[in-house]
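**Student:** Below is the structure I would like to discuss, written out as structure tokens.
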Amino acid sequence: MVTHTLDDGRAVDVFLGGDAAGLPLVMHHGTPSDATTFADWDAACAARGLRLICASRPGYASSTRRPGRDVAQAARDTAALLDRLGQGRFVTAGWSGGGPHALACAALLPDRCAAAATLAGVGPYGVADLDFLAGMGPENVAEFGAALAGESALRPWMQAHGEAFRHVTGEALAAAFGGLVPAIDREVLTGGYAEQMAAELRRALAAGFDGWIDDDLAFTRPWGFELGAIACPVTVWQGELDLMVPFAHGRWLARRVPGARAAMVPGHGHLSLVTRYRDEILDQLLSAARP
């Protein structure tokens with residue numbers, strides 16, 4: 001882990017891995033999580049000549065909070081971080097709450113972003129043809145209900161319902177997720193993978209809930225860019241059994257992102273999608289980025 005300071009003085013918590021001389025792959029973590037989310041992708045990225053870069057969004061881990069941020073802020077922060085690292089052209093992907101942030105990079109950094117992917121990425125709130133909450137587990141329905149009422153309602157909800165994640169163990173993680181994980185995801189939440197994810201959550205939330213709160217608020221507001229502006233190749237990956245980000249979100253994005261390739265996967269959930277299809281995701285990004 002390294003810490004970089006952006007031109008506006010904010011600290012950014014960054015994980016670097018893969019091939020240091022390779023094509024940069026900027027990964028955007030889920031909600032809540034941090035820069036270490038994709039640490040176990042290190043060897044797979046190195047084998048493909050990809051430089052793995054993941055930053056904790058503002059308010060997570062040791063990254064300075066930026067109150068009121070929108071999804072589009074991720075593109076500005078990504079450009080600033082890549083400048084710091086001496087990188088130009090890149091590919092990007094975002095998992096879950098990271099999905100919209102990857103799309104922001106595709107839309108707002110057209111001269112640098114060569115390809116993008118969303119992995120069980122959340123769709124926008126308030127559009128006429130997507131019922132945002134339909135199909136979500138009860139915990140997410142309650143969480144976004146609080147988010148829609150604003151930070152004054154969301155922060156006490158977090159304190160009442162999110163505290164367990166600040167101290168969670170791998171053994172307790174499946175139970176902590178409750179109705180958000182179908183059987184296929186519970187099968188994934190065992191052993192080393194569960195321990196890794198629990199450690200990510202503890203690290204992400206060590207200083208409190210600011211990053212999680214600001215993510216949720218950003219998801220319930222306009223993203224700050226138009227999907228129609230995306231010109232690079234995009235693949236939309238979505239698991240059929242997902243209870244955190246329902247299948248309808250993936251189908252909506254696949255219809256609305258210009259030229260998107262839909263990778264709608266039967267029989268998989270939110271977690272099993274990225275553990276089972278990691279290699280295919282990386283190979284597809286590389287293929288799409290080729291001139």
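**Student:** Of the residues Ala114, Ala80, Ala104, only one is over 13 Å from Ile53 (Cβ atoms), in contact with an Asp or Glu (Cβ under 9 Å, 6 or more places away or on another chain) and at pLDDT 95 or above; which?
**Tutor:** Testing whether each residue is over 13 Å from Ile53 (Cβ atoms), in contact with an Asp or Glu (Cβ under 9 Å, 6 or more places away or on another chain) and at pLDDT 95 or above leaves just Ala104.
**Student:** Out of region 23-62, which residues are buried (at least 22 other Cβ atoms within 10 Å of the Cβ) and over 18 Å from the mean Cα position of the chain (by Cα)?
**Tutor:** Hit for region 23-62 is Leu50, nothing else.
**Student:** Same structure again: Counting just the residues of region 166-183 that are in contact with a Leu (Cβ under 6 Å, 6 or more places away or on another chain) and part of a helix (DSSP H, G or I), which one comes out farthest from Gly135 (Cα to Cα)?
**Tutor:** Arg166
**Student:** Got at least one residue in region 269-285 being over 22 Å from Cys113 (Cα atoms), of a type outside the set (Lys, Arg) and surrounded by fewer than 17 Cβ atoms within 10 Å (Cβ to Cβ)?
**Tutor:** yes
**Student:** Now for a separate question. Considering only region 29-130, give the helices (runs of 4 or more DSSP H) lying wholly within it that have at least 2 residues that are within 28 Å of Ala147 (Cα to Cα), in contact (Cβ under 8 Å) with a residue 40 or more places away in the chain and not small (Gly, Ala, Ser). Lay out the reasoning, then the answer.
**Tutor:** Values: elements: 42-47, 73-85, 99-108.
In region 29-130, the matching helices (runs of 4 or more DSSP H) lie at 73-85, 99-108.
**Student:** Given Glu143, Glu151, which one is of a type outside the set (A, V, I, L, M, F, W, C) and either under 16 Å from His270 (Cβ atoms) or open to solvent by less than 40 Å² (accessible area, probe 1.4 Å) (or both)?
**Tutor:** The conditions single out Glu143.
**Student:** Enumerate the pairs (first residue in region 142-161 and in contact (Cβ under 8 Å) with a residue 40 or more places away in the chain; second residue anywhere and among the β-branched types (Val, Ile, Thr) and open to solvent by less than 20 Å² (accessible area, probe 1.4 Å)) with beta-carbon separation below 7 Å, excluding pairs fewer than 6 apart on the same chain, so at least 6 apart or on different chains.
**Tutor:** Short answer, once both residue conditions are applied: Glu151/Ile213; Leu154/Ile213; Arg155/Ile213; Met158/Ile213.
**Student:** Of all the residues that make up region 227-238, how many are of a type outside the set (A, V, I, L, M) and surrounded by fewer than 18 Cβ atoms within 10 Å (Cβ to Cβ)?
**Tutor:** Looking only at that region, the number is 1.
**Student:** Name the residues in region 173-226 that are of a type in the set (D, E, K, R), open to solvent by 20 Å² or more (accessible area, probe 1.4 Å) and under 16 Å from Tyr60 (Cβ atoms), would you? Outline the logic, then answer.
**Tutor:** Within region 173-226, the first condition is being of a type in the set (D, E, K, R), and the residues that meet it are 185-187, 195, 200, 202-203, 210, 214-216, 221, 226.
From the residues that got through so far, the ones that are open to solvent by 20 Å² or more (accessible area, probe 1.4 Å) too are 186-187, 195, 202-203, 210, 221, 226.
Listed by number, the residues that qualify are Arg202, Arg203, Asp210.
**Student:** Looking only at region 1-22, which residues are open to solvent by 40 Å² or more (accessible area, probe 1.4 Å) and under 22 Å from Ala289 (Cβ atoms)?
**Tutor:** Matches in region 1-22: Leu16, Asp19, Ala20, Ala21.
The values are calculated or read from the model by the stated rules, or taken from the named source; none is laboratory data. These numbers were taken from a predicted model, which means no experiment stands behind them. Don't worry about glycine lacking a Cβ; one is built from the backbone with ideal geometry, like all the others, and counts go over all protein chains shown. Areas reflect the complete protein model, heavy atoms only, side chains present, ligands, DNA and RNA absent. Shrake-Rupley method; radii C 1.70, N 1.55, O 1.52, S 1.80 Å.
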